[in-house]
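The values are calculated or read from the model by the stated rules, or taken from the named source; none is laboratory data. Please read all numbers here as calculations on a predicted model, not as lab measurements. Here Cβ is always computed from backbone atoms with ideal geometry, including for glycine, and neighbour counts include all displayed protein chains. Keep in mind that these areas ignore ligands, DNA and RNA; they rest on the heavy atoms of the full protein, side chains included. Shrake-Rupley method; radii C 1.70, N 1.55, O 1.52, S 1.80 Å.
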Amino acid sequence: MNRTLPAALALALGLGLAGCSSSSTAETTQSTAAADAGSTGDSYSYEGVSVTGAEGAEPTITLDADFGAVDELGVADVYVGSGEAVEPGATVTVNYVGVGQMSGEVFDSSWQRGEPATFPLDQVIEGWSQGLVGMQPGGRRVLIIPAEQAYGDAGAGADIAPGETLVFVVDLIDETPAG
């Protein structure tokens, strides 16, 4: 059963709670080449997260049975796009799917709403603000976001539990530099 959190609510909560995050110096682990993390055609694995789906199609996220909470931001490119890389504060247009680590269920998906989302990176949760920097249009990226860089101990309603790690697969459609 998929649970959907409306994007506007998710982004509004992200804006409000991103500033309350206690982990502004969290480390980031990153793999910039799909081959480094286990890509095989339309299937990709990284740190206990499996992603399936063809380029440009809605991805499916499956978490390993032993996937648990993480302490640092994990970032891996399923495939790399081309063009200008996203810089801090840019405005991005993306398609994405988000899954909660505790439930393994989709809590938000632009794909399921039938339209991409556009927003400035300085108005979303810290894991997105940091995790999308360097991504290029046409790319697909996995973000494994610790609770401290997401919704922390507050959670977000019934869809995101307090202290929950979030996993997103993000397809970058377009970006506009800040300023």
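The set of residues in segment 100-124 that are in contact with a Leu (Cβ under 9 Å, 6 or more places away or on another chain), open to solvent by 10 Å² or more (accessible area, probe 1.4 Å) and under 19 Å from residue 67 (Cβ atoms) comprises 101, 104.
For segment 168-178, the condition of being acidic (Asp, Glu) and either closer than 16 Å to residue 73 by Cα or under 14 Å from the mean Cα position of the chain (by Cα) (or both) holds for at least one residue.
Note on segment 119-152: residues that are touching a Gly at 6+ places or on another chain (Cβ under 7 Å) and over 18 Å from residue 175 (Cβ atoms) amount to 5. If the condition is being surrounded by fewer than 17 Cβ atoms within 10 Å (Cβ to Cβ) and charged (D, E, K, R), then segment 154-179 contributes only 174.
Could you count how many residues in segment 152-167 are touching a helix residue (DSSP H, G or I) at 6+ places or on another chain (Cβ under 8 Å) and either under 14 Å from residue 72 (Cα atoms) or without any contact (Cβ under 8 Å) to a residue 24 or more places away in the chain (or both)? Walk me through it before giving the result.
Applying the first criterion (touching a helix residue (DSSP H, G or I) at 6+ places or on another chain (Cβ under 8 Å)) to segment 152-167 yields 152-154, 156-157, 162-166.
After this cut, where a residue has to be either under 14 Å from residue 72 (Cα atoms) or without any contact (Cβ under 8 Å) to a residue 24 or more places away in the chain (or both) as well, the list is 152-153, 162-166.
Summing the residues that are touching a helix residue (DSSP H, G or I) at 6+ places or on another chain (Cβ under 8 Å) and either under 14 Å from residue 72 (Cα atoms) or without any contact (Cβ under 8 Å) to a residue 24 or more places away in the chain (or both) in segment 152-167 gives 7.
Among the conditions (1) assigned to a strand (DSSP E or B); (2) open to solvent by less than 10 Å² (accessible area, probe 1.4 Å), the only one that residue 127 does not satisfy is (1).
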